Amino acid sequence: MTLPLFEQSDLQTAFVALRRDLIDPNGPRISTMRNYRFAILRYDPADELKLRAEVRRLSTDLIANGWVVLTINLQRLLLDRIRDRGEHWVERVIAQERLASTQEAGRGLNYLKSKLAPLIEGPEGIAADCSRIITDFTRSHPDQTDRTLALIGRAGALYPFFRSSALLRHLDGRTGNVPVVLLYPGHRVGQTGLSFMGELNSDNDYRPRIYS
């Protein structure tokens with residue numbers, strides 16, 4: 001057996017396994033559950049730039065082999081939702097957050113959570129935007145659905161207002177059976193637990209396979 005010249009990092013190993021399961025001759029097998037094509041690729045938050053390099057490498061490889069890769073930027077989706085609220089809303093929220101921060105430690109952050117959570121959470125939050133991007137593509141290109149991958153990234157930009165387990169739960173049944181991989185910055189806890197950004201309490205509410 002020929003050994004690799006350089007030892008692979010955990011991140012590289014995770015991408016190799018993901019690629020192998022995506023291009024399986026019998027179709028993508030990123031999940032052990034039938035008709036549930038969701039997976040999580042976990043990475044250390046400090047490796048964000050390394051992750052982006054691996055995403056580019058995987059995307060280039062898949063595209064060269066006839067795949068379509070939809071890259072969904074959660075940070076951009078949130079900023080679009082904030083802009084849609086209007087300039088006056090943004091200015092008012094900023095002013096109130098500054099005022100609350102001077103009154104009590106943590107109060108400003110809690111105020112921001114109360115204003116941003118409705119834009120992010122629930123079936124009509126960020127999940128609805130992700131679903132729209134994927135389904136718009138599949139409706140326009142029905143012949144390419146079987147070789148399309150949706151990569152959802154930049155989740156770290158939504159910390160601490162976001163829990164990814166809820167995002168995937170709200171996406172279930174709304175992606176036209178396109179394989180969806182969430183790029184998850186955080187730490188693994190046990191076999192199924194994940195701690196978002198390594199800061200929040202571990203969440204065990206995950207059905208998808210975790211590549212890590």
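The values are calculated or read from the model by the stated rules, or taken from the named source; none is laboratory data. Just so we're clear, the structure is a prediction, and the values are computed from it rather than from any experiment. Neighbour counts are summed over all protein chains in view; Cβ atoms, including those assigned to glycine, are modelled from backbone coordinates with ideal geometry.
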(request) Could you tell me which residue of the stretch 176-212 is modelled with the lowest pLDDT, considering only residues that are surrounded by fewer than 21 Cβ atoms within 10 Å (Cβ to Cβ) and hydroxyl-bearing (Ser, Thr, Tyr)? (result) Tyr206
(message) Could you go through the stretch 6-16 and let me know if any residue there is in a loop (DSSP other than H, G, I, E, B), touching a Leu at 6+ places or on another chain (Cβ under 8 Å) and of a type in the set (A, V, I, L, M).
(response) no
(message) Among the residues of the stretch 17-42, what is the count of those that are aromatic (Phe, Trp, Tyr) and part of a loop (DSSP other than H, G, I, E, B)?
(response) 1
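A quick yes/no check of all residues on (1) under 20 Å from Ile134 (Cα atoms); (2) without any contact (Cβ under 8 Å) to a residue 60 or more places away in the chain:
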| residue | (1), (2) |
| --- | --- |
| Ile30 | yes, no |
| Arg37 | yes, no |
| Tyr43 | no, no |
| Gly86 | no, yes |
(request) Please verify whether the stretch 64-84 includes one or more residues that are more than 17 Å from the chain's Cα centre (by Cα), without any contact (Cβ under 8 Å) to a residue 60 or more places away in the chain and within 15 Å of Leu22 (Cβ to Cβ). (result) yes
(request) Give the residue, chosen from Gly125, Gly153, that is surrounded by 17 or more Cβ atoms within 10 Å (Cβ to Cβ), within 23 Å of Pro45 (Cβ to Cβ) and modelled with pLDDT of 95 or more. (result) Gly153
(message) So if I check each of Leu112, Leu78, which one is in contact with an Asp or Glu (Cβ under 7 Å, 6 or more places away or on another chain), closer than 15 Å to Tyr159 by Cα and surrounded by 15 or more Cβ atoms within 10 Å (Cβ to Cβ)?
(response) Leu112
(request) Give the number of residues within the stretch 171-191 that are under 22 Å from Val69 (Cβ atoms) and either touching a helix residue (DSSP H, G or I) at 6+ places or on another chain (Cβ under 8 Å) or among the β-branched types (Val, Ile, Thr) (or both). (result) 13
(request) Restricting attention to the stretch 43-69, report how many residues are closer than 18 Å to Thr145 by Cα, part of a loop (DSSP other than H, G, I, E, B) and among the charged types (D, E, K, R). (result) 0
(request) For the stretch 88-99, state whether one or more residues are closer than 25 Å to Val55 by Cβ, modelled with pLDDT under 95 and not in a loop (DSSP other than H, G, I, E, B). (result) no
(request) Please enumerate the residues belonging to the stretch 4-19 that are aromatic (Phe, Trp, Tyr) and either modelled with pLDDT of 75 or more or touching a helix residue (DSSP H, G or I) at 6+ places or on another chain (Cβ under 8 Å) (or both). (result) Phe15
(message) Which of the numbered conditions does Thr145 fail, given that it passes all the others? Conditions: (1) among the β-branched types (Val, Ile, Thr); (2) assigned to a helix (DSSP H, G or I); (3) surrounded by 13 or more Cβ atoms within 10 Å (Cβ to Cβ); (4) modelled with pLDDT of 90 or more.
(response) (4)
